[in-house]
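Notes for the one structure printed next.
The values are calculated or read from the model by the stated rules, or taken from the named source; none is laboratory data. In this text the structure is predicted, and so the values were computed from the model without any measurement. As a convention, Cβ positions derive from the backbone with ideal geometry for all residues, glycine included, and neighbour counts pool all protein chains shown.
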Amino acid sequence: MSQAATQVNIISPLTGIMVPIGDVPDPVFAKKMVGDGFSIDPLSNTLLAPIDGQIADLQAARHALTIRSADGLEILIHIGLETVALGGKGFTAHVAPGDAVKAGDELITFDIDQVARDAKSLLTQVVITNGELVESITPTHGLKHAGEDVAATVVLKKAVGQAEQDGGEGATVTSETVALPNPTGMHARPAATLVALAKKYSSNVKLVSGDMSANAKSIVAIMGLGLAHGQDVAISATGADARTAAADLIQAIKDGLGEEAEPVAVAPAPEPPAAPKPEPAKPAAPPRSGDPNTLLGISASPGLAAGTVVQLRTQEFTIAELGQNAADERRTLRDAVDRAMWSLGELRDGLEKEGNSEKAGIFGAHQEILQDPELLERADAEIDGGKSAAFAWRKAYTDLAEQLASLDNEVLAGRATDVRDVGTRVLGEITGQLVEKPDLNENTILVAKELTPSDTAQIDRAKVIGFATVNGGVSSHVAIIARSMDIPALVGIEERALDIADGTRVVLDSSKGELRLNLSDAELRAVRERQRKQAERKAREEAAKDDPAVTSDGHRVAVVANIGGVDDAKDAAGKGAEGVGLLRSEFVFLGRTTAPSEDEQADVYSQCAKALRPGQPLVIRTLDVGGDKPLPYLPIPAEENPFLGLRGVRVGLDQPETLRTQIRAILASAGAGAKLHVMFPMISTVTDWRRAKEIFDEEASAVAFSGEVSVGIMMEVPTVGIMAGQFAAEPGCDFFSVGTNDLTAYTLAMDRGNANLASQMDPCNPAVLSLIGRAADALHANGKWLGVCGGAASDLQAVPILVGLGVDELSCSIPAIPAVKAMVRSYALSACQELASKAVACSTPEEVRALVPVDEI
Ligand code: PEP
Ligand code: MG
């Protein structure tokens, strides 16, 4: 068993310049998904064998082959990028699979001009596909001569028995077992911290708990374990730095991974016998109807559609369970992943070209899922157990999707659909079985157990007028796409929807959360009449979207947009927005695990500013993290009451460098077009405001800023309304913008995410309206202005009341802008003021709403 460590010299297979593998413009190679190695920019056109060995594989397109050495090392050489598409044109192979070769023997000759012209790149990758045999790879640099120079040295691992004798280097080291101290278990934040730490070690690192384990470098896998507080965990590491990795990582876990560690009783007192543990809170169960002709669901995108049902069934694949040979099955899988990555890239690029970056982003996220090491690792383990690539892959992704779906976390559960979607794409590539698409007629209402983001993105808008799915939540990607397409959609519909026959006439009334069958002719006529009126009204509002919102007696209200990034800014400008009243800057870099640099931030803010007209306002809110908004790159210690803890500006004051960087980035983007405003979220005391403003002033003077930027605060906490006079009198505090979502929550002491309280969380509560009125009076007395950027600004019933209270600017969701403007135009200011004074005197939000009837939407 024992043998000495072996060094293998890889002779340069081409004459050319060495390029680090990480610089190859293809994520499959750059992220080392195929393996570690190097790339070479060729100056010669005959590929030579880099080692002695046997040709293990020659691709049909003759653009790539694999050599296996006597030590078992497998080296894949891939000439150019995306050269498979050349179909062998320009490539001549001098060897066949099974041939024995010596280092320096000719393998493939290629037409260098043709490849340079027709392929994405000439860069030729040399990677080791069975990295588990390898201790280290050290590529050299500069110009290499084919068949002469050493391009890289590879040190092979010692056999396990030898490694153990040597004291463990290269062997598996398992740490002590500890009880997970994180009060809310291994959720996104500690998992992200663990992944970031684990990636510093070259060893393979696993987080182990009982008989479960997950790749500690994969956030998806770690969260998939769903580990709770107190559960036993250990680190198991294999590789050169296994011992340090296991020791350091278990210590980091003990320290809480950036969270306050909560000790776990070592020997808990015996439990009283019959006290059952309360079930963790699940999202509220979807509604169910007793009427056979009405199926209830949750509105993911509002609207009304009358059409015929087409059931979209999940693709079934025919798959053999057992594989032929592990190396071939692995290669089949990797090729399929390669092709899937490529097709996702095509899909994403196409959507980006159409300007649909929201959908494009989803396919970018799918590429990320494919790059997560965990999925391939799980599949490889199955392949090693004798399974076929297709079987192994299907098991890997369905297990992961099921794990995610079972988690008590709506966002992660929503990602299960994405994992299945990516999984099916690769499975289609492995099996060559194309995903069947049903023929669709006009006025189709799609019904499915689950629609994947791929299905949704490819929906033919000319034919599909709505859809309903049994699975999925309102924050799933499918729901996001439905809203961006402005197509009515229900999620969580009753399962019997799947039994509706194709061709059945139905009405999808997602505003009411219903799918209705067997409508009488009279009912259908009523639906058509409603649709006609809605369409007429929408057309009128759209036609006037660029006109200002002026009341019938000449009072102008600014109507601006809430945005989450550059695409929204562009979109808003086209929908009649007169600027941006809230850029939720925490949304811009939401998917990142590392903090964006000052330049990256400045670039985004400048692009937003350029998307608007010169002089239009762009209100950039500094990072509003904490509460229900975790940012993976800005971990916040776990708190008992996160909504009452480090949230909004409090995080910025606690970690001033983050706030300072953001302020510098905002200042750097001034002058790009729009008029910049900086707004601090969650201000609750004058002291917090003064500290934040001081930081702003220090940064402005440090960069000798001479432009114009106004500074203001969010009014989300009752103290700001109650002390509006003091806040409004603060020098340099130019405006408030009311976050009615939080102001309602904090005024009523109701968690904004609590489904049981949702019906009472009404910004039309007279208490909330009174606070807004106080703020308007105080600001106007100081010559300053008041905006509203919470949900109330898009709530048509609230609009005239807010105007009557003295609100100067309504910052709305983009699709609501034309209707909000129309609502303002339909009132006189005097009527709004009368409504406002009646509203603050009401006793309940229902009484307030009764003052402003709105036609059925
Ligand atoms: C609000 O609280 O109303 C608001 C606009 O902020 P967010 O919804 O981003 O917390
Ligand atoms: Mg808020």
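Quick notes on this structure:
- Selection status of ASN215, out of contact with any Asp or Glu (no Cβ under 7 Å at 6 or more places or on another chain), among the polar types (S, T, N, Q) and crowded, with 20+ Cβ neighbours inside 10 Å: no
- Residue in the range 665-677 that is within 15 Å of ligand 1 (Cβ to nearest atom), hydrophobic (A, V, I, L, M, F, W, C) and modelled with pLDDT of 95 or more present: no
- The combined condition, being surrounded by 21 or more Cβ atoms within 10 Å (Cβ to Cβ) and either farther than 28 Å from ALA729 by Cα or out of contact with any strand residue (DSSP E or B) (no Cβ under 8 Å at 6 or more places or on another chain) (or both), is fulfilled by TYR605.
- Identity of the residue in the range 706-727, buried (at least 22 other Cβ atoms within 10 Å of the Cβ), outside any helix (DSSP H, G or I) and not β-branched (Val, Ile, Thr), that ends up farthest from ligand 1 (Cβ to nearest atom): GLY712
- Scanning the range 624-655 for residues that are modelled with pLDDT of 95 or more and more than 16 Å from ligand 1 (Cβ to nearest atom) gives a single hit, LEU653.
- Filtered by the rule that a residue be in contact (Cβ under 8 Å) with a residue 12 or more places away in the chain and among the hydroxyl-bearing types (Ser, Thr, Tyr), the range 518-561 gives THR551, SER552.
- Taking the conditions (1) modelled with pLDDT under 90; (2) assigned to a strand (DSSP E or B) in turn, ILE77 satisfies each one other than (1).
- Filter result for GLY787 (in contact (Cβ under 8 Å) with a residue 12 or more places away in the chain and in contact with a His (Cβ under 7 Å, 6 or more places away or on another chain)): no
- Test: residue in the range 767-787 that is under 16 Å from MET682 (Cβ atoms) and either hydrophobic (A, V, I, L, M, F, W, C) or over 35 Å from the mean Cα position of the chain (by Cα) (or both): yes
- Tally, over the range 728-752, of residues that are without any contact (Cβ under 8 Å) to a residue 60 or more places away in the chain and either within 12 Å of ILE772 (Cα to Cα) or away from ligand 1 (no atom under 16 Å from the Cβ) (or both): 13
- Matching entry among ASP599, ASP624, ASP603, ASP553 (being closer than 28 Å to VAL824 by Cβ, away from ligand 2 (no atom under 16 Å from the Cβ) and either assigned by TED's automatic domain parsing to the domain that holds ILE817 or not in a loop (DSSP other than H, G, I, E, B) (or both)): ASP553
- Screening LYS545 against (1) within 18 Å of LEU312 (Cα to Cα); (2) touching a Lys or Arg at 6+ places or on another chain (Cβ under 9 Å); (3) at pLDDT 90 or above leaves a single unmet condition, (1).
- The listed residues are ARG660, ARG613, and the only one of them that is assigned by TED's automatic domain parsing to the domain that holds ASN562, surrounded by fewer than 20 Cβ atoms within 10 Å (Cβ to Cβ), away from ligand 1 (no atom under 16 Å from the Cβ) and closer than 29 Å to ALA577 by Cα turns out to be ARG613.
- Residue match in the range 810-820 (condition: in the same structural domain as ALA572 (by TED's automatic domain parsing) and closer than 22 Å to PRO718 by Cβ): yes
- Condition met for ARG774 (modelled with pLDDT of 95 or more and either over 18 Å from ARG849 (Cβ atoms) or within 16 Å of ligand 1 (Cβ to nearest atom) (or both)): yes
- Some residue of the range 693-700 being more than 16 Å from ligand 2 (Cβ to nearest atom), surrounded by fewer than 16 Cβ atoms within 10 Å (Cβ to Cβ), of a type in the set (Val, Ile, Thr) and more than 19 Å from GLY783 (Cα to Cα): no
- Some residue of the range 784-796 being surrounded by fewer than 19 Cβ atoms within 10 Å (Cβ to Cβ), touching a Leu at 6+ places or on another chain (Cβ under 6 Å) and at pLDDT below 95: no
- Count of residues meeting criterion [assigned to a loop (DSSP other than H, G, I, E, B) and modelled with pLDDT of 80 or more] in the range 26-59: 7
- Between ALA558, ALA573, ALA526, the distinction of being part of a helix (DSSP H, G or I), among the small types (Gly, Ala, Ser) and assigned by TED's automatic domain parsing to the domain that holds GLN616 belongs to ALA573 only.
- From PRO272, PRO286, residue being out of contact with any Gly (no Cβ under 7 Å at 6 or more places or on another chain) and either surrounded by 18 or more Cβ atoms within 10 Å (Cβ to Cβ) or at pLDDT below 70 (or both): PRO272
- Residue within the range 577-585 that is within 16 Å of ligand 2 (Cβ to nearest atom) and either under 17 Å from the mean Cα position of the chain (by Cα) or part of a loop (DSSP other than H, G, I, E, B) (or both) present: yes
- Counted residues, the range 722-745 - those being farther than 19 Å from ALA670 by Cα and more than 14 Å from ligand 2 (Cβ to nearest atom): 10
- Members of the range 646-667 that are in contact with a Phe, Trp or Tyr (Cβ under 8 Å, 6 or more places away or on another chain) and not in a loop (DSSP other than H, G, I, E, B): VAL649, GLY652, ILE663, ALA665, ILE666, LEU667
- Pair list, Cβ < 9 Å and 6+ apart or interchain, from the range 495-512 residues that are farther than 12 Å from VAL447 by Cβ and touching a residue at least 40 places away in the same chain (Cβ under 8 Å) to residues that are hydrophobic (A, V, I, L, M, F, W, C) and loosely packed, with under 15 Cβ neighbours inside 10 Å: ARG505/LEU524; VAL507/LEU524; SER511/ILE857
- Selection within the range 668-705 - assigned to a loop (DSSP other than H, G, I, E, B) and under 30 Å from the mean Cα position of the chain (by Cα): SER669, ALA670, ALA672, GLY673, ALA674, PRO681, MET682, ILE683
- For SER684, the criteria (1) hydroxyl-bearing (Ser, Thr, Tyr); (2) within 16 Å of ligand 1 (Cβ to nearest atom); (3) surrounded by fewer than 19 Cβ atoms within 10 Å (Cβ to Cβ) hold in every case but one, which is (3).
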